[in-house]
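What follows is calculated from the coordinates using simple rules that are stated; it is not laboratory data. As the structure is a prediction and not an experimental result, all values here were calculated from the model. With ideal geometry, Cβ positions are generated from the backbone for all residues, glycine too; neighbour counts draw on all protein chains shown.
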Amino acid sequence: MSIAQWEHNATQHAEPFSQFIRYCISRNHKVMRRDALEQAFGEFLAEQALAPEVEQSVRCLLHWAQEAAFDARRRAAAFAVRPRVAAWRYRTFQLASAGGALSEMTPQAYLHFKESLISAPDTDPSGVLELDFTAFNPYVHKPAGAHSIGRGHTFIARQVASQLFLEPDQGAARLTEYLAQKTVRGQQTLTQPQLDTPEELREALLRADGVLVSHSADTQWADVADSLRALGFEAGWGRSVARIREAMALLLDLLDAPSATSIAKFLDRTNVITAVAILSPHGYFGQEGVLGMPDTGGQVVYILDQVKALEKEISERLYKQGLDIEPRIVVLTRLIPEAGETTCNQRIEPIEGTQGAEILRVPFRHPNGDVAQHWITRFAVWPFLDRFAVDAESELAHHLGCQPELIIGNYSDGNLVAAIMAQRSGATLATIAHALEKTKYLNADLYWRDHEENYHFSCQFSADLLAMNQADFVISSTFQEIAGTDVNVGQYEAHQHFTMPGLYRVVGGIDVFDPRFNIVPPGADEDIYFPYTDAQRRMPEYHETIEEMVFGESQPGRRGALQDRDKPILFTMARLDHIKNLTGLARWFGESAELRERANLFIIGGHVDAAASGDREERDQILLMHQIMDNHQLDGQMRWLPASKDRRLNGELYRWLADRRAVFVQPALYEAFGLTVVEAMGSGLPTFATRHGGPREVIEHDVCGFHIDPNDGVAAAALMAKFLNDCAADGEHWNGYSQRAMQRIQSRYAWPLYAEKLLSLGALYGFNKWLNRDRRQAYERYLEMFHRLMFQPAAKRVKR
Ligand code: UDP
Ligand code: LCN
């Protein structure tokens, strides 16, 4: 659909379109998303039939409108139309006695239209702080096609090459300057500072090749170091003569005619990252007994796996580069003095499965210096973060004894702290959203005041804007996280234009075509989540415990006992958040006689005993779950256990269930990525997962699993029942899905691939940052002002 077609439809069918607008106004609708519009149109049709082709045209108009706003007073509607991925057009429809007139709107006008519906009418639109971060973007040329979204590195490599190439002498001089100042942990690498003109560098490279050519390819750096040092070189080109010559040849090419491929390859070889700080302040960050606790889920798993993979890859790179340096990786999180049975009150915790990576915990402090003693929900950590950033920086410097070259933020709070630290130190900044809250809560921006007491979105969305604009590169797990699908809006995309009435209006929050976005999907630890068919590595020592978990009796803290052990099992495991919708799954199951007939339901989530929970949202879900089990009398067909915190046991649980031809269900209302989906599929469980979010991209529908609509439980239950019926009729049916699920995960979601890509990005974007450091000053100032004038006052309003 093009915007011209949309306009054509709207004008051609102005009369029925205006009737529907009047219908919405008469029902007092103000702002509606596409789903709600489509539903309202169904209700409208029940009152007023339209000719089929007219009905189809109006339906089409609504389908491409992501949102509509209705103003009874002005007798007008405004539409946010998204004719294709990440393209937004705004149109207003002014009702007239017959039909109406369509006209174009700017994003500003559209946002003002919405604001006026909920704040005082006729507020002066210029009286609102309007933010446009994209105006400062150093990338004048950006890729335009949706296929480029999430592949920023290819664009940056081309841009860096052309920047160097456009001014040939200057380019060579910049490269020479870059090499001359390059130190690693205070040690000069690659070239000595006196090799400071391109001519001298070229000459030295040619002479070095003259020396190296007489050595065998596997001669070590140590054997040629003296000769190369005499020519002005230092370690860092390679451990063997073969690698040294390759890297030097790449540099000679670059000095003559830089290309995107050679610059990326050269940096990958030489711009090695040796020390990384990873920020993840909120939740209980630990290695044992924390998973499933409030705010403690996939992010912790992701980071611990990420650290292992990164350390391994850095070690290999350093080795090949000929540098005898140990990688240093530190995860910075919050120290919680009253941490229950967790280790979150310990300052240092070595990370298992690594040579030297550690968790370093730094407490949150009140303004008077007192340490905050208890866990604090992720929605209320904001007033602590500025101070945490400074404290973490000094503890890290003390602990590491060197500056990290790369700082990686996680989630809104970690990204903000990482941004502050990177801004102060000049390190390369990567951010990872994991889950942007804005798309999870309906109209969280427009009605932000209603959410403020519990969620403090004024802080969170400001932190998100700051971090995503400060980032040198952004790591995303899927394409949809950035730019959605043909019909669904991406999580980052939702930050392009939005308004928080009375606070600020964002007309350029982030541009998803910005080349800082890169898709780097995570994996699942292959030592824990491996195929159920891998008999050699199976962990039978857990089987007795698992048998008891699944088929044991009901007892305090657990509910339900499966009466018919022969039925296949529908399994789910998640934190017991509203958004995870485990209660939704229990209800679909309860309401579907067919599914109850066919299967048992096994749920692991949160606490079964509400008194044991310290989280408001979790307690609500616990009460709801009990109510559903009572109403549908599910105790003999459903079993519910509290969070299961042992990852190795969980890995074997997935496989044990696969032995019994079970399926995994992920019913979330929205799931940013969904590690459980990767774990379950990698273990061999056919998986039914929400079509809202990452699982839509992880699973190919009806090939290696199924997409389900969490808002249509009847259809989801029917799809599961049909699958189980097909499995009962054909013994191979389950196998096919299981095999394809395992293949899908093995080929795409693997940590070694992740680490390799992340470090290549660090090398490339780090150089890009150095090359363009003068261009970012205005941008940095704008961000700093936003931080001080918007974020900090909002954070001060959060109760400590
Ligand atoms: N998890 C767990 N026990 C539980 C609940 C979750 O071990 O009771 C683990 C799960 O195996 C996965 C992670 O926590 O590794 C949850 O990650 P996911 O991305 O699915 O969701 P998140 O909690 O991050 O929203
Ligand atoms: C947070 C989430 O909500 C999940 O969807 C992700 O899988 C997890 O973080 C890891 O990125």
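Listed values, structure above:
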quantity	calculated
Kirkwood Rh, Cα atoms: Rg over Rh of segment 3-127	0.95
Area projected by the alpha carbon convex hull of segment 1-65, averaged over all directions, nm²	4.1 nm²
Burial ranking of peptide ranges 471-477, 390-396, 567-573 (average Cβ count within 10 Å, highest at the top)	471-477, 567-573, 390-396
Extension reserve of the ALA4-ARG365 stretch, reckoned as 0.36 nm per residue once the Cα distance is removed	124.4 nm
Label-point gap, in nm, between ALA593 and THR11 - each point 7 angstrom along Cα→Cβ	5.5 nm
Euclidean distance of C-alpha centroids, segment 491-562 and segment 734-800, integer Å	18 Å
All Cα pairs of segment 406-549, percent lying beyond 26 Å	39 percent
log₁₀ of I(q)/I(0) at q = 0.10, 0.12, 0.13, 0.15 Å⁻¹ - segment 540-749, Debye sum with one point per alpha carbon	-0.37, -0.55, -0.65, -0.90
Packing rank of 670-680, 179-189, 775-785, where each peptide gets the mean count of other beta carbons within 10 Å, highest leading	670-680, 179-189, 775-785
Taking LYS142, LYS114, LYS265 and counting other C-beta atoms within 10 Å, the order from fewest to most	LYS142, LYS265, LYS114
Whole-Hz couplings from phi, Karplus 6.51/-1.76/1.60, listed for segment 85-92; x for Gly and Pro	3, 6, 10, 10, 10, 10, 9, 10
Distant-in-sequence amide H partners of ILE351 (H built 1.01 Å from N, under 5 Å)	ALA357, GLU358, ILE359
Two-site FRET efficiency, GLU104 against HIS374, from Cβ-Cβ distance with R₀ of 51 Å, rounded to 0.05	0.45
Local net charge near PHE530, Cβ-Cβ under 11 Å (Lys/Arg +1, Asp/Glu -1)	-3
Burial ordering of MET625, MET539, fewest other beta-carbon atoms within 10 Å first	MET539, MET625
Rounded FRET efficiency, nearest 0.05, which uses the C-beta distance separating TYR441 from VAL703 and R0 of 41 Å	0.80
Per-selection metrics, the chain (Cα): Rg and Dmax in Å	28.4, 91
Residue exposure sequence - ASP253, ASP464, ASP370, ASP527 - by fewest surrounding Cβ within 10 Å	ASP370, ASP527, ASP253, ASP464
Inter-label distance, nm, simple model (7 Å from Cα along the C-beta direction), THR261/LYS796	5.7 nm
Segment 269-363: Cα Rg divided by the 2.2 N^0.38 Å rule of thumb	1.16
Paramagnetic reach from ALA51 in segment 1-24 [backbone N under 12 Å; point 7 Å along Cα→Cβ]	13, 16
Candidate lysines - alpha carbon under 21 Å from LYS320, same-chain residues fewer than 8 apart omitted	LYS182, LYS265, LYS308, LYS312, LYS757
Contour minus Cα-Cα distance for VAL390 and GLU288 (0.36 nm per residue)	33.9 nm
Potential lengthening between GLU548 and ALA36 on full extension [0.36 nm per residue; Cα-Cα distance subtracted]	179.9 nm
DSSP bridge pairs, the chain: antiparallel proportion in percent, nearest 5	40 percent
³J(HN,Hα) computed for each position of segment 319-333 - Karplus, 6.51 cos²θ - 1.76 cosθ + 1.60, integer Hz, glycine/proline x	4, 4, 7, x, 9, 8, 10, 8, x, 10, 10, 10, 9, 9, 9
